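Asker: Below are the structure tokens for one structure; questions will follow.
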Amino acid sequence: VHGSISHFNLHCAPILQYIPDYDKIICLSHSFENDFKGQYPEYADKITCIYNSINAQNIRAKAKTDKYNGKYFCIVSRLDKEKDNETVINAFKIFSKNHPDAKLLIAGNGVLSEKLHEMARDCPQIKFLGQIDEPYTLIKNSVAHILSSTSEGLGMVLLEAATLGTLSISSRCKSGPPEILMDGRAGILFTPGNQYELAQILNDVWTGKIDTKKLIKTATDNLNRFSAKNNVKQIFNLIENI
């Protein structure tokens, strides 16, 4: 199951009738696992969490240092309603009034592309890059990567940022981001949809009021949770037990 509990209830409810026939349901975060058990206690024994895996060596090898130089924040995301990039644009516009040298680079396409372009029309510091084949260089060279979703299954881009030694700023949405960022010890969390809170965070990061090195170190030091070695072992154990 990929998504938050609200996403599951909205889009996946029809599969509930088949759950008695399933041996196990695999989800991507312990937060979802706990939410599912709370809402469907009769199926509590069927759900288990196995994280997605990340290939840190491959990601680091693809990140270059000769592009996107300069101080900027970045977004790597689909441009749709669930990703709530409107909040980031509004927050950046507030922040950039006092920091005209800052930029926001947005990589991705989606159904809201035209709307977001229009929102940013009066802020030339916001640049849309469209869909790019390899976002790792963009993330690596940024001041911070921003995820502002209303819900996520896990949030792989947060793992990619940690792998590249980049700070993540994320909404405290269900399910994965607070878990990946260790409730704020491995990144910065803000209230979903709160552009003013996010604008203040951008300012504090940009001006050095937040110890970002400590947050980044905690994030990279805990990436072993998402290693293929650990997760494949869980998958084998699951299959053997079934």
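Asker: Just the number: Rg to Rh for the chain, Cα atoms, Kirkwood Rh, two decimals.
Answerer: In the chain, Rg relative to Rh is 0.99.
Asker: Shifting gears a bit: Above 19 angstrom, tally the Cα pairs of region 1-118 and express them as a % of all pairs, no decimals. Please list the in-between numbers first.
Answerer: Values: 4487 of 6903 pairs.
Of the Cα pairs, 65 percent sit more than 19 Å apart.
Asker: Does region 157-206 classify as rounded, prolate or oblate by the C-alpha gyration tensor (a ≥ b ≥ c root eigenvalues; a/c under 1.5 gives rounded; else a/b over b/c gives prolate, otherwise oblate)?
Answerer: oblate
Asker: Also, I was wondering about something else. What does the convex hull of the alpha-carbon atoms of region 203-242 project to on average, in nm²? Write down the numbers at each step before the final one.
Answerer: Working: hull surface 15.9 nm².
Average projection, Cα convex hull of region 203-242: 4.0 nm².
Asker: Can you list residues whose amide H is under 5 Å from L147's amide H, if they're 5+ apart or on another chain and H is modeled 1.01 Å from N?
Answerer: Excluding prolines and chain starts, which carry no amide H, the hits are I169, S170, S171.
Asker: Moving on. Could you check how much of the accessible area of the chain is carbon and sulfur, as a whole percent, using a 1.4 Å probe?
Answerer: 50
Asker: Once you order the gyration tensor axes a ≥ b ≥ c over the Cα atoms, which shape class does region 1-63 get: rounded for a/c under 1.5, otherwise prolate or oblate by comparing a/b with b/c? Walk me through the numbers on the way to the answer.
Answerer: Numbers: a/c = 2.60, a/b = 2.33, b/c = 1.12.
The shape class here is prolate.
Asker: So, one more: With every protein chain left in place, what is the accessible area of E33 in Å² (1.4 Å probe, nearest 10)?
Answerer: Roll a 1.4 Å probe over it and E33 shows about 20 Å².
Asker: Quickly estimate the mean residue ellipticity at 222 nm for the chain, helices only: each DSSP H run with n ≥ 4 gives -39500 (n - 2.57), and the total goes over all residues, rounded to 500. If you can, show how the numbers build up before the last one.
Answerer: Numbers: 11 runs with 97 residues, N = 242.
My calculation for the chain gives -11000 deg cm²/dmol from helical runs alone.
Asker: Further question: Take the residue pairs K93/K229; K174/K209; K127/K229; K174/K214 and return only those whose Cα atoms are more than 32 Å apart.
Answerer: Among K93/K229; K174/K209; K127/K229; K174/K214, the Cα-Cα distance tops 32 Å for K93/K229; K127/K229.
Asker: Still on this structure, I have one more. With every protein chain kept in place and ligands, DNA and RNA left out, what is the accessible area per residue of region 1-47? Probe 1.4 Å, answer in Å². Let's see the in-between values first.
Answerer: On the way: 2630 Å² over 47 residues.
Heavy-atom SASA per residue in region 1-47 reads 56 Å².
Asker: Mind checking the dipole of region 67-117: about its Cα centre, +1 per Lys or Arg Cβ, -1 per Asp or Glu Cβ, Debye to the nearest 20?
Answerer: 180
Asker: Just the C-alpha atoms of region 60-169: what Rg/Rh do they give, with Rh taken as the Kirkwood radius?
Answerer: Result: Rg/Rh = 0.93.
Asker: Heavy-atom accessible area per residue, region 119-242, 1.4 Å probe: how many Å²? Could the numbers behind the result be given before it?
Answerer: Values: 5750 Å² over 124 residues.
Here the residues of region 119-242 average 46 Å² of exposed surface.
Asker: Over the chain, with a Gaussian network built from C-alpha contacts below 10 Å, which listed residue (I139, I94, I19) shows the highest mean-square fluctuation?
Answerer: I19
Asker: Let me ask another. Based on the Cα coordinates of region 135-223, what is the per residue volume of their convex hull in Å³?
Answerer: Per-residue hull volume (Cα only) is 80 Å³.
Asker: Taking the Cα centre of the chain as the origin, how large is its charge dipole in debye, to the nearest 20, when only Lys and Arg (+1) and Asp and Glu (-1) carry charge on their Cβ atoms?
Answerer: With only Lys, Arg, Asp and Glu charged at Cβ, the dipole is about 880 debye.
Asker: Using DSSP to call loops (not H, G, I, E or B), can you name the trypsin sites (Lys or Arg not before Pro) in region 151-224 whose Cβ has at most 15 other Cβ atoms within 10 angstrom? Before the final figure, lay out each step's value.
Answerer: Working: sites: R172, K174, R185, K209, K213, K214, K217; in loops: R172, R185, K209.
Sparse-neighbourhood loop trypsin sites (Lys or Arg not before Pro): R172, R185, K209.
The values are calculated or read from the model by the stated rules, or taken from the named source; none is laboratory data. Remember, predicted model here, so these are calculated numbers, not experimental data. For neighbour counting, all protein chains shown are included, and Cβ atoms are generated from backbone atoms with ideal geometry for every residue, glycine included. The area values use the complete protein model at the heavy-atom level, side chains included, leaving out ligands, DNA and RNA. Shrake-Rupley method; radii C 1.70, N 1.55, O 1.52, S 1.80 Å.
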